[in-house]
Amino acid sequence: MAAILKGTMHIRPLVVAAAVLALTACGQGPGDAARAAMEAAGRGQTAEALERIDPEIKASAGIFITPMLQDKARKAKAKGGVTSVEVEKIDKTDADHAVVTTVTRFGNGSTQTDTGKVRRIDGKWYITM
C-alpha cells in the first residue's frame, strides 16, 4: 500500500489545486459578484462587466447598459484608474437576493461608495435592479 501511495505523491498537489479552484468558483457570493462587476466596469472591461449583469436586465435594457459601463470606465480613468474594490457591507434579504455596498479606490487617492442589488440565478450571483 505504501508503494502505491508513494507513486501518487506528485498527483496530490494537482488534486488539491483543482479542488480549491472548484470550491472558489462555486463559492462565489454576492460580494464577489459586486466586486468583480465594479472592477470590470471601472477598468473598461465592458464585456466582462456585462457578464455580471442579470440576464433579464440585459435582455430588456442591454442597449442602455453598455454606454453606462463605458461612462463609468471613462470617469474611473479620469481619477487615475481603479486600484481596488472592497466589499464594505452585504445585507442578504433572502437566500437569493442581497444589497451590497462597495468602496472603489482610484489612482488619485479618491474613493467612491456604491450600493446595489444582486440576485442569485441558478447558483450564480448577478447585478440587478
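Of note:
- All other residues whose Cβ lies under 11 angstrom from that of VAL118 are scored, Lys and Arg at +1 and Asp and Glu at -1, for a net of +3.
- Hits among aspartates and glutamates - C-alpha to C-alpha of LYS89 under 16 Å, sequence gap 8 or more where chains match: ASP32, ASP114
- Sorted into 10 angstrom bins from 0, the C-alpha pair distances of the stretch 58-109 split as 22, 31, 39, 8 percent.
- Straight-distance crosslink candidates among lysines, where the alpha carbon sits under 18 Å from LYS124 and sequence neighbours closer than 8 are dropped: LYS58, LYS92
Every number in this text was worked out from the coordinates using simple rules, so none of it is lab data. Everything quoted here is computed from the prediction, not taken from an experiment. Every residue, glycine among them, receives a Cβ derived from its backbone with ideal geometry; neighbour counts consider all protein chains shown.
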